Amino acid sequence: MILMPTSRQRRILRRALIAASCLIAVGLMASWFVAGELVAPMPRVVGDPPRELNATSFTVNSKSGSVISGWHSRPDVSNGVIVLLHGMGGSRLSMVDRARMLHDEGYATVMIDFQAHGESPGKAITVGYLERHDVRAAIEFARREHPKEPVGVIGVSLGGAATLLAMPLEIDALILESVYPNIHDAIHNRVSAKLGPLSSIPASLLLFQMQPRLGISPAELRPIDHMPDIACPVCIASGATDQHTTRTETEAMYSAAPGPKQLWLVDGAAHVDLLRHDPIEYRQQIVRFLNRVLRADRND
């Protein structure tokens, strides 16, 4: 015998379905808005280059479609040039402290604003996909300005991911700070840090939007797949308590690198600026690594 629902039960079921549909629609609209905010351009006026660094402004064309704005600093005697690449939502201003530290060590620096950041135009932040072309443009500029000198790269978060997506590159040293291994885990980690166990569905909705919004598949944003293409010594650094790029993920990035390689897990640091977190240790780890790698041939 099959029991048919009563009219009251049908009304309750209908209302429940309507409520669930409304919740799904609100969730979709909210996730679309949030995703739009995350990838929206982050323009800002950067201002004049720092005088104490003997820095000058420059622009270069990039295959990202943007005209990339940057600063180029020169010490009195140069031991090499370091390309400094900022994180998501930042600009070359966030790299000035590193440039000062490197200037004191005799390194020239090239600092840029990625497309859709700072003073470089762009339609959307693409988490490394278009920004990889900006990396190549910055390195080519550094090579032209310093043709007989070694070139290093420090890429922070987005800057490191874009550098890996741009591989292979003609560089002599690479430092990757707090770089996500793949966009799937990166988004899930960030949503989980805010929502905890409720993060799976919102994170999946954000990932689903990448193709219609940016024309990029999540499979195209896997920096870890490019680690074997690194053809120079690499230092991989991240906060030991970073919830955005976890310790396990950083160790996986290190394992995927061919070497010579160095791992620095920063005690007590989350997803923060590692230089500001511990300036003394940063100098000991990063500058020592650059000096050992870039000055080796000159000291022989």
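General remarks:
- When residues in segment 140-161 are screened for being more than 15 Å from the chain's Cα centre (by Cα) and farther than 15 Å from Val234 by Cβ, 10 of them pass.
- Just one of (1) of a type in the set (D, E, K, R); (2) at pLDDT 95 or above; (3) farther than 19 Å from Ala166 by Cβ fails for Asp134. It is (3).
- In segment 237-270, the residues that are farther than 27 Å from Pro168 by Cα, out of contact with any Lys or Arg (no Cβ under 9 Å at 6 or more places or on another chain) and not hydrophobic (A, V, I, L, M, F, W, C): Asp242, Asp267, Gly268
- The criterion of being more than 18 Å from Ile187 (Cβ to Cβ), of a type in the set (A, V, I, L, M) and surrounded by 17 or more Cβ atoms within 10 Å (Cβ to Cβ) holds for Ala257.
Condition check ((1) surrounded by fewer than 23 Cβ atoms within 10 Å (Cβ to Cβ); (2) of a type in the set (S, T, N, Q)) across all residues:
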site: Leu53; (1), (2): yes, no
site: Thr56; (1), (2): yes, yes
site: Lys63; (1), (2): yes, no
site: Trp71; (1), (2): no, no
site: Gly90; (1), (2): yes, no
site: Met95; (1), (2): no, no
site: Ala99; (1), (2): no, no
site: Met111; (1), (2): no, no
site: Phe114; (1), (2): no, no
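- Flag for Val45 being exposed (fewer than 10 other Cβ atoms within 10 Å of the Cβ), modelled with pLDDT of 95 or more and hydrophobic (A, V, I, L, M, F, W, C): yes
- Restricting Gly155, Gly128 to residues that are farther than 26 Å from Gly268 by Cα, touching a residue at least 40 places away in the same chain (Cβ under 8 Å) and buried (at least 24 other Cβ atoms within 10 Å of the Cβ) narrows the list to Gly128.
- One residue stands out among those in segment 73-114 that are out of contact with any Gly (no Cβ under 8 Å at 6 or more places or on another chain) and β-branched (Val, Ile, Thr): the one that is farthest from Arg44 (Cα to Cα), which is Thr109.
- Yes/no for Arg143 being more than 16 Å from Met42 (Cα to Cα) and without any contact (Cβ under 8 Å) to a residue 40 or more places away in the chain: yes
Yes/no per residue for (1) over 16 Å from the mean Cα position of the chain (by Cα); (2) within 28 Å of Ala124 (Cβ to Cβ):
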{"residue": "Ile187", "(1), (2)": "no, yes"}
{"residue": "Ser192", "(1), (2)": "yes, yes"}
{"residue": "Ser200", "(1), (2)": "yes, yes"}
{"residue": "Pro228", "(1), (2)": "yes, no"}
{"residue": "Ala231", "(1), (2)": "yes, no"}
{"residue": "Glu249", "(1), (2)": "no, yes"}
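- Taking segment 116-125 as the range and being small (Gly, Ala, Ser) and either within 14 Å of Thr59 (Cα to Cα) or surrounded by fewer than 19 Cβ atoms within 10 Å (Cβ to Cβ) (or both) as the test, the residues that pass are Gly118, Ser120, Ala124.
- Selection within segment 273-282 - loosely packed, with under 15 Cβ neighbours inside 10 Å and either among the charged types (D, E, K, R) or under 20 Å from the mean Cα position of the chain (by Cα) (or both): Arg276
- Flag for His103 being over 21 Å from Ala166 (Cβ atoms), crowded, with 19+ Cβ neighbours inside 10 Å and either in contact with a Lys or Arg (Cβ under 7 Å, 6 or more places away or on another chain) or not polar (S, T, N, Q) (or both): yes
- Qualifying helices (runs of 4 or more DSSP H) (wholly inside segment 186-300; at least 1 residues being basic (Lys, Arg) and either closer than 18 Å to Arg98 by Cα or touching a residue at least 40 places away in the same chain (Cβ under 8 Å) (or both)): 210-214, 274-277, 288-294, 296-299
The values are calculated or read from the model by the stated rules, or taken from the named source; none is laboratory data. Because the structure is a prediction, the values reported are computed rather than measured. When we count neighbours, we look across all protein chains shown, and the Cβ atoms used for this are built from the backbone with ideal geometry, even at glycine.
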